[in-house]
Amino acid sequence: MEDFIWLIPLMPLLGAIINGLFGHVLKGKAGLIASIAVLISFLYSVKAFLMVLDGVTFDGDLFTWIAAGSFQANFGLRIDQLSSVMMLVVSGVGFLIHVYANGYMHGDRSVGRFFAYMNLFVFSMLMLVMGNNLLLLYLGWEGVGLCSYLLIGYFYDKPSAAKAGLKAFLVNRVGDFGFAIGIFIIFTTIGTITYSGIFENVERLVSAGVVTTASLLLFMGACGKSAQFPLYIWLPDAMEGPTPVSALIHAATMVTAGVYMVARFSFLFSYSETAMLVIVIIGTFTALFAATMALVNNDIKRVLAYSTISQLGYMFIGVGVGAYAAGVFHLMTHAFFKALLFLGAGAVMHSLADETNIQKMGALYGKIKITALTFIMAWLAISGIPPFSGFFSKDEILANAYAYHPLVWFFGAVGAFITAFYMSRLVFLTFFGESRVDPEVEKHIHESPRVMTIPLMVLAFLAVVGGLVGIPQFVADLWGGSNHFHHFLEPVFAAANERLHLAHLSHALEYGLMLASVLIALGGIYLAYLMYIKKAIDPDALAAKYKGAYTTLYNKYYVDEGIDAGLLNPIVVMSRWLWHFVDERIIDGLVNVSAKIVMLISLLVRRVQTGYVQHYASVMVIGVILVLGYYLFS
């Protein structure tokens, strides 16, 4: 395996270098080069996956990367069940989004720069999931953060985009600070940064009493990268970037880095009940909190952004309760249907002259049918309707949440109901009902080109059948089969599962919870149908009746305003005080006073320099007399 796996991250890196240096010359060919680079990476990822499927794994060093005294960090890769799944998701979904972007970004004046950033992101994400040590993980971690900043602010001449990119970068720095401290604690305690070394010496972290601290600091980084409360505030604003960016970075791959990290270090987190409890609480709260903000938002991309935050919360519920395979399973299915939702939103915007307000849409089903049909499949998947992929992964997380504590299941179920409702609201207002499209725009509505619709159809297929690899075990037992996805990932999580001893539910209870999940999803869809199709309930009347709640949700609980008032504005005031008082008056004042003292001394001393030789001779004579007098009378 080692003879080709290094090519998997190398190809996107080469694509980034070529487009970065020669993109202005290549122009229209830049997208083709970037897509081919990711395609080759995907094909090699498939080859690696098939080898892992046959029981062949790899964990080794390719070359020495850093050597400083006694410290040495190698460029090492780890290809196992977990990393092979992530490689397929990153390169496979990434390739489809690259193909889509060829149509979406057609005619853009800086398309070479765009695809250079996209390829650099894929390289960074692959390094994040393929590395076998914490330093390579951190390299990829910071790399995707940099690419996020570059791609969100791609339209740098647009103030809101530049501000959103900066916001994403700064918020992630908060989480990454904790993440770096966690890495330092692990290294200073056990003296190694390789995954295998940490696994073998994890007991030393426990005996040193720092396992909870290290776990929570690592999770702090995950909160920033995976947009969990309170570090979620950057993700909705990140929708200022081009739609393919939203699909690649902020739906399918980068934001799942935190979930991957917790799953990768399952053997570490399983030693700390406190850390896992914190993950469950944060994930549960975020899943419900973000879902409520999507209820009244009218921007098609921002609704999907809040949905992403909420779905990431479900993934953290999964890994927090110890159902690591279920969390990774939802990560995979979410990549399919959420990438499809974002690309579908981009196709809608493409047909409506970049309109994003769903209140100015409607009745688009018959006009852009391919986009509508694929979007509907993704809607059913995220809502949790069987047999679509989202049903299997979300139902499994909720079942494990119930086994952990019924209250976690309850809040997760409420979030699932709200998810089905707001996604149905989005679909009904966009594709059905009466048209609210501007008359001039409506004349030019058209289906997107095939380079954009083919990726939609492939992702729709995956959104429909992707969940079949993880059919619940109690259902598979009826057919004499097994949960293939869990069985495949079992070696990665064996140590954690052995420590946790997860509770098992009876088949009757599992069937009951599955039925409840379906009814909850159908209930959310039916309520949206009554409000936006049947018109049996007037949403405007509800908004007027509960104006306070509506306004609070519409303004996103005033979290951004609260951060501005409680944190940013005081920092600005303090910074200005430091600038005017400390910097200008004290520091600059001391420098200016010393300069004035030197100037005053110079004014006195320069009077001695008269330019007359007799004066200088007199001074020399007086000096000689003084020196002689000192030696004669001392």
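The length gained by stretching the chain between Ser506 and Leu14 to full extension, at 0.36 nm per residue less their Cα-Cα distance, is 171.9 nm. Taking only the alpha carbons of the range 38-80, we obtain Rg and Dmax values of 14.0, 40 Å in that order.
For the range 313-457, with all protein chains in place and a probe radius of 1.4 Å, 66% of the accessible heavy-atom surface sits on carbon or sulfur. Within the shell defined by Cβ-Cβ distances under 13 Å, the residues around Gly175 carry a net charge of 0, with Lys and Arg each +1 and Asp and Glu each -1. When the alpha carbon gyration tensor of the chain is reduced to an equivalent ellipsoid, its three semi-axes come out at 53, 32, 26 angstrom, largest first. Report note on the peptides 133-142, 613-622: ranked by the mean count of other C-beta atoms within 10 Å, highest first, their order is 133-142, 613-622. Could you sort out which of Lys29/Lys394; Lys158/Lys443; Lys47/Lys367; Lys47/Lys167; Lys27/Lys556; Lys158/Lys338 sit more than 32 Å apart by Cα distance in this structure? From Lys29/Lys394; Lys158/Lys443; Lys47/Lys367; Lys47/Lys167; Lys27/Lys556; Lys158/Lys338, over 32 Å: Lys29/Lys394; Lys47/Lys367; Lys47/Lys167; Lys27/Lys556. Remark: the chain carries 43 Å² of accessible area per residue (probe radius 1.4 Å; ligands, DNA and RNA excluded). For the range 45-137, averaging the sequence separation of C-alpha pairs within contact (under 8 Å, six or more residues apart) and dividing by the residue count gives a relative contact order of 30 percent. Excluding Gly197 itself, calculate the net charge of residues whose Cβ lies under 15 Å from the Cβ of Gly197, where each Lys or Arg counts +1 and each Asp or Glu counts -1. Surrounding charge for Gly197 is -1. For the peptides 437-450, 333-346, 304-317, 9-22, residues were scored by their other Cβ atoms within 10 Å and the scores averaged per peptide; the highest-first order is 333-346, 304-317, 9-22, 437-450. Counting only Cα atoms, the range 534-588 measures 70, 16, 11 Å along its principal axes, largest extent leading.
Taking all protein chains as shown and a probe of 1.4 angstrom, His405 keeps an accessible surface of around 90 Å². Taking the centroid of alpha carbons for each part, the range 437-508 and the range 4-47 are 28 Å apart. In straight-distance terms, cross-link reach from Lys301 covers every one of the aspartates and glutamates whose alpha-carbon lies under 16 Å from its own, apart from those fewer than eight places away in the same chain; here that gives Asp237, Glu240, Asp354, Glu355. Expressed per residue, the C-alpha convex hull volume of the range 1-135 stands at 100 Å³.
Relative contact order of the chain, taken over Cα pairs closer than 8 Å and 6 or more residues apart, is 11 percent. Expressed as a whole percent, the proportion of Cα-Cα pairs in the range 385-515 lying more than 19 Å apart is 66%. The fraction of accessible area contributed by carbon and sulfur in the range 464-572 is 65 percent, rounded to a whole number (1.4 Å probe; ligands and nucleic acids excluded). Stretched out straight at 0.36 nm per residue, the stretch from Leu7 to Phe581 would grow longer than its current Cα-Cα span by 201.0 nm. Counting Lys and Arg as +1 and Asp and Glu as -1 over every other residue whose Cβ lies under 15 Å from the Cβ of Trp234, the net charge comes to +2. Packing, as the average of other Cβ atoms within 10 Å across residues, places the peptides 366-377, 573-584, 107-118 in the order 107-118, 366-377, 573-584, highest first. Averaging the Cα positions of each part gives two centres, and for the range 190-237 and the range 79-107 these lie 27 Å apart.
The values are calculated or read from the model by the stated rules, or taken from the named source; none is laboratory data. If you're wondering where the values come from, they're calculated on a predicted model, not measured in any experiment. All Cβ positions, glycine included, derive from the backbone under ideal geometry; neighbour counts span all protein chains shown. What goes into the accessible areas is simple: the full protein's heavy atoms, side chains included, and nothing from ligands, DNA or RNA. Shrake-Rupley method; radii C 1.70, N 1.55, O 1.52, S 1.80 Å.
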